[in-house]
Amino acid sequence: MSRDLESKVRLNNGVEMPQLGMGVWKSNNKTAAQSVEWALNDGYRAIDTAKQYGNEAGVGEGLKKGLADNGLKREDVFLTTKVFNGDQGYDSTLEAFEGQLKRLQTPYVDLLLIHWPVNGKYKETWRTLEKIYHEGKARAIGVSNFNIRRLRDLMKHFSVKPAVNQMEFHPLEQEADIKEYCDLNDIKLEAWSPLGGGEALGNPLVKKLAEKYGKSTAQIILRWDMQRGIISIPKSAHEKYIQANADIFDFELDDDDIRLINSLNVDKRSIWYGDFRWNGNPDAPVDTVDQWDD
């Protein structure tokens with residue numbers, strides 16, 4: 001197995017971030033703790049969570065154990081979390097963030113993101129993130145699920161530019177306009193749901209390329225991310241898949257094959273603004289932190 005998990009991208013404030021990490025969405029605290037420990041044992045140095053996932057405490061335990069197991073220091077791991085929609089606003093974000101640090105068992109995070117651009121609140125939330133950033137409690141700040149209009153809004157009113165925009169990104173949803181805007185403005189695009197679920201993994205073209213390169217369909221998609229400069233955080237609760245997702249540094253996709261995967265885009269988001277009450281949908285459920293039977 002050939003790995004280069006030290007491969008990093010430089011954010012617009014000079015901070016270096018691993019290009020491949022591990023996500024823990026839809027994992028309970030027990031599973032998240034075990035997955036983080038496995039990931040650190042297997043060479044990963046970036047972990048992504050969020051308050052909404054309900055597993056920050058598990059990530060904190062896994063981080064503590066994984067650091068000890070591998071003789072690592074806290075600064076050896078790039079840790080990301082996100083502001084919960086229900087916490088947005090200036091004072092509420094500050095208060096909630098202190099609780100997030102306690103659950104994560106860390107005095108700082110490497111990247112703090114606004115999870116969604118809640119109407120009427122995201123600018124006040126960004127003002128809070130700037131304060132947290134200037135106090136050194138977040139090494140970089142950014143956003144998630146921001147369209148171009150909302151990105152422009154932040155950059156018009158604030159001095160600190162988002163370092164990252166984390167978006168749903170996979171072969172069937174490539175966010176072409178947003179990626180172009182981020183590239184032009186030195187904002188790194190990071191992929192959530194990078195494997196696109198069963199539909200992308202089972203795509204005939206991706207399966208054909210997997211046969212050509214002797215790799216899995218997941219490895220083909222993650223390699224495509226790497227070569228397009230995308231930061232990627234695939235999620236798995238199984239050690240063999242955590243290991244396999246890192247086995248993407250011993251081959252390169254041909255330019256023609258990159259273009260073939262690019263052609264699969266159908267702008268198929270799994271969730272977007274209209275699915276939330278904060279964007280005016282009265283039938284949407286109220287945002288809650290995921291609760292798991294641990």
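Any read-out appearing in this document is the output of simple, stated calculations on the displayed coordinates, not a laboratory observation. Model, not experiment: these values are computed from the prediction. Please note: Cβ atoms are built from the backbone with ideal geometry, for glycine as well, and neighbour counts cover all protein chains shown.
Across region 65-79, rounded Karplus estimates of 3J(HN,Hα) from the backbone phi angles (6.51 cos²θ - 1.76 cosθ + 1.60, θ = phi - 60°) give 5, x, 4, 5, 4, 10, x, 9, 9, 3, 5, 7, 10, 9, 10 Hz, Gly and Pro being marked x. Computed over the chain, the percent of Cα pairs more than 30 Å apart is 28. Taking amide H as placed 1.01 Å from N in the peptide plane, residue 109 has its amide H under 5 Å from the amide H of 138, 139, each at least 5 places away in sequence or on another chain. Entry note, region 18-136: relative contact order of 24 percent, from Cα contacts under 8 Å with a spacing of 6+ residues.
Loop-located trypsin sites (Lys or Arg not before Pro) in region 36-76 (DSSP state other than H, G, I, E, B) with a sparse environment of at most 13 neighbouring Cβ atoms within 10 Å: 73. Remark: the Cα gyration tensor places region 161-254 in the prolate category, a/c being 1.5 or greater and a/b exceeding b/c. Taking the centroid of alpha carbons for each part, region 179-202 and region 221-294 are 7 Å apart. Beyond 17 Å, the tail of the calculated P(r) for region 1-62 holds 43 percent of the Cα pairs. Sorting the segments 226-236, 160-170, 256-266 by their mean number of nearby beta carbons within 10 angstrom, highest to lowest, gives 160-170, 226-236, 256-266. Karplus-derived 3J(HN,Hα) values for region 45-60, using 6.51 cos²θ - 1.76 cosθ + 1.60 with θ = phi - 60°, are 10, 9, 10, 10, 9, 6, 4, 4, 6, x, 10, 4, 5, x, 4, x Hz; glycine and proline are entered as x.
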